[in-house]
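Heads up: the structure comes next, in structure tokens.
The values are calculated or read from the model by the stated rules, or taken from the named source; none is laboratory data. It should be emphasised that the depicted structure is a prediction, and the values quoted were computed from it without experimental measurement. So basically every Cβ, Gly included, is an ideal-geometry build from the backbone, and we count neighbours across all protein chains shown. Calculation scope for accessible area: heavy atoms of the full protein, side chains included, ligands and nucleic acids excluded. Shrake-Rupley method; radii C 1.70, N 1.55, O 1.52, S 1.80 Å.
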Amino acid sequence: MNVSVSAALSDRETTRPRTAEDAAAARAGAFLTIDLAALRENYLALRSRLGGRACAAVVKADAYGLGAARIAPVFHEAGCRHFFVAHLDEGLALRQALPDDCAIMVLHGPMPGAEADCAHAGLVPVLNSMEQIEAWGGLARALGRRLPAFVQIDSGMSRMGLPEADITRIAAAPALLDGIIVEAVMSHLACADEPDHPANAEQLANFRRRKALLPDAPASFANSSGIFLGPDYQFDLARPGAALYGLNPQPHLPNPMKNVVRLMAKVVQTREIPAGAHVGYSWRFRADRPTRIATVSVGYADGWLRSLSGRGAVLVDGRAAPIAGRVSMDSITVDVTDLPPEAVKPGNLVELIGPDQTPDAVAALAGTIGYEVLTSLGNRYHRRYLNG
């Protein structure tokens, strides 16, 4: 039975004092639950596919919006020792959450003038250009010690990494890397989630050929989907991200990963409207019958994308209630005419993301990808971490 949070709290209050957690839950408009055990299982499942090769964890964008400070230690406990973030400040924050035995790589490398901060924190930059190589090597020489780095090469994505001309230049003048310990050479796959795409084989050939021109070092190439392309793509260190958080690394096949998140929101109010009445901004929904509308406390400011306006549904006790009209900043309206009135009282919870409506499924309705759904989830939710 779908009961309100306030009613559940009232029941508990008869047996124990009200806690700060109870008070926060009563105040909250929506709840984001993250299953830490599922995260751990996903990491171990991906690592098991690597045949003994190392498995990193990509925890950029605050662990895809789910909270890096809580999630990265879970991966560490599962055996992970290599972590990737995008920005230097992400790495500085993560350094406080992980033991010293972890390497933290900064994918964008240090911005000009921030090299000393990177080195002082013991972070490992991913050097993507000759400018970054020159600045990092210059700092090493100024400090009188060699500094570690990953070197990224462009294997065909034309986004970040050294183009072939710069790789050839380094091959002809190895002193350009003086002061730098090249801990790994890496690149990034553009089409790994499409296993039959010719770009995969082309990038693999480019990566092997261009890497051979650089100093001998371990290689890192496979992202989440790249792991599933097989051993040829896995090299020494894989870098899964999205699959850790339950997104499907093989969109053409059933998802092998555990669902990690559940998003529930409270009903604020319900109302009866007559046939012909309109709902929401721009009057995009018009009732074709007497209709019961529930207003739910989640909107695009919470990451429930505006492109979901008039599309998809929320779930109430496993039954769908379609979204009616535009997604607003702080709320959505849903058609609950066909649901029992007691199931959608103010304070009751509806499900937006969960086992029956995954981030990938929500993304398909919104015309985007699961990555955007997860990383858009805002800070207004009452967050609960299970199995921690």
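Tabulated values for the structure
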| quantity | calculated |
| --- | --- |
| Sequence ranges 20-29, 74-83, ranked by mean other-Cβ count within 10 angstrom, highest first | 74-83, 20-29 |
| Carbon plus sulfur fraction of accessible area for the chain, probe 1.4 Å, in percent | 52 percent |
| Shape category assigned to the stretch 311-384 from the gyration tensor of Cα positions, a/c cut at 1.5 | prolate |
| Net charge over other residues, Cβ less than 11 angstrom from the Cβ of LEU374 (K, R count +1; D, E count -1) | -3 |
| Selected from SER328, SER282, SER225 as most flexible by GNM, with the chain as the system and alpha-carbon contacts under 10 Å | SER282 |
| Cα centroid of the stretch 56-115 to Cα centroid of the stretch 165-191, whole Å | 23 Å |
| Cα gyration tensor category, rounded, prolate or oblate, for the stretch 108-148 with a/c compared to 1.5 | oblate |
| Computed helical MRE - 222 nm, the chain, DSSP H runs ≥ 4 contributing -39500 (n - 2.57), nearest 500 | -8500 deg cm²/dmol |
| Value of relative contact order over the chain, rounded to a whole percent, pairs C-alpha under 8 Å and six or more apart | 19 percent |
| Å² per residue, accessible surface of the stretch 175-289 at 1.4 Å | 47 Å² |
| Cα gyration tensor shape for the stretch 56-117, rounded if a/c is under 1.5, else prolate or oblate | prolate |
| For the stretch 189-195, Karplus couplings with θ = phi - 60° (6.51, -1.76, 1.60), whole Hz, Gly/Pro x | 7, 8, 10, 5, 7, 10, x |
| VAL182 paired with ARG18, simple spin-label distance in nm, labels 7 Å along Cα-to-beta-carbon | 6.3 nm |
